[in-house]
1. How would 304, 36 line up by accessible area, probe 1.4 Å, largest first?
2. Quick check: the angle from helix 29-40's long axis to the longest principal axis of the chain, C-alpha only, nearest 10 degrees?
3. At a Cα cut-off below 16 Å, give the aspartates and glutamates reachable from residue 60, other chains included and same-chain residues fewer than 8 away excluded.
4. For 215, 247, write out the residues from largest to smallest accessible area, computed with a 1.4 angstrom probe and no ligands counted.
5. At 0.36 nm per residue, and after removing the present C-alpha to C-alpha distance, how many nm does the segment from residue 454 to residue 357 gain when stretched out fully?
6. Once the Cα atoms of helix 241-272 and of the chain are each reduced to a long axis, what angle between those two axes, in degrees from 0 to 90 to the nearest 10, is obtained?
7. Using per-residue counts of other Cβ atoms within 10 Å, averaged over each peptide, order 93-102, 226-235 from highest down.
8. So what's the back-of-envelope 222 nm ellipticity for the chain, counting only DSSP H runs of four-plus at -39500 (n - 2.57) apiece and dividing by all residues, rounded to 500?
Amino acid sequence: MNTNSSNTMALAPSTSNKRETVCIFGTGDFGRALGHRMIQSGYPVVYGSRSTQISNLIPKDAEVLGHAEAAQKAAIIIVAIPRQHYNFLTPLAEVLRGKVLVDISNNLKLNQYPESNAEYLAQLLPGSKVVKAFNTVSAWALQSGTLDASRQVFVCADDVEAKQMVMDIVRALGLTPLDKGSLLAAQEIENYPLQLFPMWKFPIILSFGLAIFFFFYCLALDVIHTYIYENNNFSFFIAFTIPNRVFPVMALILLALVYLPGIFAAIIQLYRGTKYRRFPDWLDKWMLCRKQLGLIALAFAFLHVVFTLASPLRSFVSWRTSNRIVSQALNNQTQPLDHTNAWLSDSYLALGILGFFFFVLLGITSLPSVSNNVNWREFRFVQSKLGYLTLILCTAHTMVYGGKWFLNPSAYKWYLPNIYMLSLVVPCAVLVVKFVLILPCVDKPLTQIRQGWERNPKYSE
């Protein structure tokens, strides 16, 4: 009898997986998208609205009631309305007492109000438990399901239990909650969607500044100098030749700048003999934007490839080739194959193709949809080991192409080195120091430090 009873219980449907009802105040784009996503995840959804008429825009499995009636049916209420309309909640204070109110609002500009919207809501309804969440996810991403780039949801609240309830909902929707602490963090969370590429600001400014510098550097040497001393007008170089010199130089330097902060970090750790002291602020910020620097470098490398492939279509190249052929024909000369140049040319192209291939691989691996599917060791192998291999190949590519100008006096116009010589300074410095760091006599103590060993344990306090 007991056995039969236990089998019956095992086959009976479990009620522990049943989702609690969620109320949503607001039937705008985000309220509808969030409700639709919750219904798909198994949550019963009831909308609180001024109008209780069913609209075609409302998810078909959702219920629409008045605000007070809808609030009574749920312990968690998502407030999907702008801050300026929060006053209608004041008469509902008794109904909302003890309820979890999830504020998802955003502002139109940074620090628009003295306090965050979530803190203002908590002041209006002191008997409710206010949680800030979902404001960094777009309605379009919820509707289309393309959440790879916006899967992270910041959550903060003063009530730990209420925060945990909301984080459980976030996980059930297939998103990743990130606990930001108390409600004091709400202002920072609300400012986050208003920041225009916050991690891209420094890389973009740096890239723009370097690109402008190298552009005018090439303009001075290749156009102005040639016009003054040789009386040749090569001003059309501005449209194609100069950009295609700046692009590879930018790609190589920015790629080296991705790995340079790691070199500085290793040197600082070796000098201090500990990993438990913070890096300088400038190094911290630099290390945080390495991904952005790498992606911008990849963009420059891609432009270099496209411009190079289109180069034979240029009128100048056609003129120069035909002029050389006609000159040889008139002089009845046949130029023999230079095997040295052939080797250099083929090596240059092979190194460039391999370097660009690994460059693209690095860029693909940095995408959230790809990085989320590899473990830390695999990601580190690609970004570190293959990253340095990419830097070596690209540096060798540039050396084979531009190395011949180092000892050529004619390359130093106005006593200035060629742009390709400048582009090799940072990459070569990074590779040389990295080679020193991987020597056993240096790598062993550095590994010990990164595993927690300290030369002077007082810094661990």
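1. From most exposed to least exposed: 36, 304.
2. For 29-40 against the chain, the angle is about 80 degrees.
3. Leaving aside aspartates and glutamates fewer than 8 places away in the same chain, those within reach of residue 60 are 29.
4. The residues order as 215, 247, largest area first.
5. Residue separation times 0.36 nm, minus the Cα-Cα distance, leaves 30.9 nm.
6. The two axes meet at around 70 degrees.
7. Put in order of decreasing packing, that is 93-102, 226-235.
8. -16500 deg cm²/dmol
The values are calculated or read from the model by the stated rules, or taken from the named source; none is laboratory data. All values derive from a computational prediction rather than experimental measurement. With ideal geometry, Cβ positions are generated from the backbone for all residues, glycine too; neighbour counts draw on all protein chains shown. In case anyone asks, the SASA skips ligands and DNA or RNA and just uses the protein heavy atoms, side chains included. Shrake-Rupley method; radii C 1.70, N 1.55, O 1.52, S 1.80 Å.
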